[in-house]
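The values are calculated or read from the model by the stated rules, or taken from the named source; none is laboratory data. The shown structure was predicted, so the numbers you read here are calculated from the model rather than taken from an experiment. Using ideal geometry, Cβ is built from the backbone for each residue, glycine included, and neighbour counts are taken over all protein chains shown. SASA here: full protein model, heavy atoms, side chains in, ligands and nucleic acids out. Shrake-Rupley method; radii C 1.70, N 1.55, O 1.52, S 1.80 Å.
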Amino acid sequence: MENVKIPEVEVYVTELVGHYNIVSVKLGDTLLKIREDKSFKVSIGEKISIDFEEDKLHFFDGVSGNRIS
């Protein structure tokens, strides 16, 4: 599969969770959470680009938290 690239999103919050850094970014009115290695460092408000493999995406219901796919 080909990677999908989003050229610019804004970092909303970062959380160190065990061995991972959960980075929440704003894409328009949508909040995306990205799991990165704990060494990944960004600042709140920073503009970053992201790319990902489609087959590694997971979607969750915003109200219940249940996994959609």
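Quick notes on this one:
- The chain - charge dipole about Cα centre, Lys and Arg +1 at Cβ, Asp and Glu -1, debye rounded to 20: 240 debye
- Listed values (i) 0.95; (ii) 1.07; (iii) 0.99, entry calculated as Rg/Rh (Cα atoms, Kirkwood Rh): (i)
- Share of carbon and sulfur in the accessible heavy-atom surface of the chain [1.4 Å probe, %]: 51 percent
- Accessible area per residue, Å², the chain with all protein chains present, probe 1.4 Å: 80 Å²
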